[in-house]
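Below you'll find the structure, written out as structure tokens, and then a few comments.
Just so you know, all these numbers are worked out from the coordinates, no wet-lab data involved. Everything quoted here is computed from the prediction, not taken from an experiment. Neighbour counts run over all protein chains shown; Cβ positions are idealised from the backbone, glycine included.
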Amino acid sequence: MAAFTRRQALSRGFAAAGAAAGAALLPQRLFAQEARSASAAPAERPADFTMRFAPHFGMFHHHAGDDAVAQLEFMRAQGFTALEDNGMAGRSPAEQERIGAALDRLGMTMGVFVANMSTAFGRPTFASGDAAMREEFLESCRNAVDVAKRCGAKWMTVVLGDYDHRFHPEVQTAHAIESLKRAAAIFEPHGLSMVLEPLNELADHPGLFLTRSTHAYLICKAVASPACKILFDAYHQQITEGNLVPNIEQMWDEIAYYQIGDNPGRCEPGTGEVNWAFVFRRIKERGFTGVLGMEHGKSRDGKEGEQALIAAYRACDPR
């Protein structure tokens, strides 16, 4: 009788047999229904990271595809609570607003974008004191205010251009301070902050003016504005200086933002020489609640590499 449906059994006059068969099959049906429900239930969402690690667009495209909002949703589902997008200023205003709305809906913090891409590299924009280059930089700052409002950003990266051998280092520094004071006056009324990024010249950026965190500290003290702080990129400073935690602690009051990348290789934590669990723990213990940008590559490609990246941050997230 198990091969017949209840309707077939009744139509053949086997009402009693059909009822018995249905009763016998009921536990099996309930078990199958429960099994289907269990398999359809979504997996438990991972806990949020305790620090605001900020991936970049493209880091999870194998899982999330190419759409920016879909990538944000995937990031948030993995426990990330911030985003970093160096190229935000180059996106259309409509896309900036769309990303900003998604960040707000997901409860995510917008990290840095580069405010002065056109004046950051290849010219002595800050060191020379050239009036035309200074005005070009200041115009990019005015534009950055609009970008920040659309996407909900608070911090903007500023790279201080190339070294100018025509001037003594102290004179170049004075030129840079003057430009940054004028930029700070643009950002201050909006509660925004530019973060100065020293970059290494040994492996990636030869000839740059600002390479040491100590130099950035001196400049920020001279500008003396909440709108001018340090972006401490631990990848660059591990190459230039090492001694990460003591340097961070010495310059703590001027550091507003961090970026991450292991060395050598500039990939996720655990692929190089830096003890990230120790670094993150010390930063957290000092009370830092801001964003740490994941400005690095992946040691492996594909979905496997994306999962390895997430696992690397789980392993060193201080709990």
Helical contribution to [θ] at 222 nm, DSSP H n ≥ 4, -39,500 (n - 2.57), averaged over the chain, rounded to 500: -15000 deg cm²/dmol
Burial ranking of peptide ranges 137-145, 247-255 (average Cβ count within 10 Å, highest at the top): 137-145, 247-255
Relative to a virtual label point 7 Å from the Cα of residue 165 in the Cα→beta-carbon direction, which members of the stretch 85-123 show backbone nitrogen distances below 17 Å? 122-123
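Rounded to two decimal places and with Rh computed the Kirkwood way over Cα pairs, what is Rg over Rh for the chain? List each step's numbers first, then the result.
On the way: Rg = 27.2 Å, Rh = 22.1 Å.
Rg/Rh: 1.23.
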Please list 3J(HN,Hα) in residue order for the stretch 78-92, calculated via the Karplus relation 6.51 cos²θ - 1.76 cosθ + 1.60 where θ = phi - 60°; whole Hz, with x for glycine and proline. 8, x, 7, 10, 8, 9, 10, 9, 4, x, 4, 5, x, 7, 5
Full-stretch length increase - residue 86, residue 314 - with 0.36 nm per residue and alpha-carbon distance subtracted: 79.7 nm
